[in-house]
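Step one of this worksheet: look at the structure below.
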Amino acid sequence: MNKILKRILIIIGIIIVVSVLAFAGMLLKMKSEMHGFDPMETGKVVDNIFVIRDDFANAFIIQDNAQYIIIDCATAKAPVAEQMKKLGINPQDVAAVFLTHTDSDHAGALGLFDTAKLYMSKEEEQMINGKKTKFLWFGNSISRTDYTLLKDRQIVQIGNLKIEGILVPGHTSGMMAYLINDKYLFTGDILSLKNNKIAPIPAFFDMDNAQALESMDIIRHIPGAEYIFTAHWGYTDDYKTAVSSN
């Protein structure tokens with residue numbers, strides 16, 4: 001019996017060591033890849049669109065008269081609240097939050113907007129209900145259960161803002177880009193911008209890199225789009241050049 005117990009303990013120990021090493025390796029790789037991030041500083045970007053920076057991530061606020069919507073909400077409540085204060089925007093005036101996906105650097109400050117309606121893609125729910133995980137056995141989670149799930153190409157009208165959800169899976173199973181008023185395209189983490197051209201993000205961050213590359217082709221064919229806003233690599237006001245193959 002003692003031999004059996006000893007073997008069991010050895011096996012458990014090996015599993016723990018391998019798991020710790022795998023996790024440490026994942027964190028080191030993540031830190032290395034993040035060196036290429038280039039988020040914008042907090043401020044007004046263009047027209048009625050503002051950006052807030054929380055460490056390495058951007059969230060975007062779109063104004064409609066006295067109310068706002070926000071695309072993603074960065075990593076943590078305190079720094080996001082501080083950046084919004086600089087802009088003179090009250091979190092309670094945010095009418096709706098649209099999550100491109102549920103990774104923590106996009107949903108971490110969600111609790112700051114507890115009076116806002118919450119939207120994300122129907123397919124993204126798999127990332128928070130335990131059906132799918134991104135890294136090893138680590139799943140996503142968000143602080144709310146009162147959300148509305150959107151289908152591909154579904155349109156939500158909030159005041160004067162027309163928000164169209166465009167399913168672009170690959171980074172997560174339910175990654176969704178948002179086209180605002182047929183002009184402003186918010187792409188989350190489905191792509192980066194390099195030299196004013198769209199480019200893949202580091203494959204390490206994708207659940208399915210091949211699928212993410214296919215989703216980039218969807219982004220290339222959005223009639224009327226003029227701007228592209230990314231979560232970690234800035235924005236461009238020249239959509240046509242950004243998506244062209246030349």
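Quick one: work out Rg over Rh on the C-alpha atoms of the stretch 88-208, Rh as Kirkwood radius. Don't skip to the answer; put the middle values down first.
Numbers: Rg = 14.5 Å, Rh = 15.1 Å.
With Rh from the inverse mean 1/r over Cα pairs, Rg/Rh is 0.96.
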*Considering amide H positions built from the backbone, and no H for Pro or chain starts, which residues 5 or more places from L118, or on another chain, come under 5 Å of its amide H?*
V97, T148
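Work through the residues other than L179 whose Cβ is under 13 Å from its Cβ and net out their charges, Lys, Arg +1 and Asp, Glu -1. Before the final figure, lay out the partial values.
Values: positive: R153, K162, K183; negative: D152, E164, D182, E226.
Computed value for this residue: -1.
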_Which three numbers, in whole Å and largest first, are the semi-axes of the equivalent ellipsoid of the stretch 137-246 derived from its Cα gyration tensor as √(5λ)?_
22, 20, 11
*Give, as a single signed number, the net charge of other residues whose beta carbon lies under 12 Å from the beta carbon of L167, with Lys and Arg counted +1 and Asp and Glu -1.*
-2
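Laboratory data are not the source of any read-out in this text; all were calculated from the coordinates shown. Predicted, not measured: the structure shown is a model, and the values here were computed from it. We place every Cβ from the backbone using ideal geometry, glycine too, and count neighbours over all the protein chains shown.
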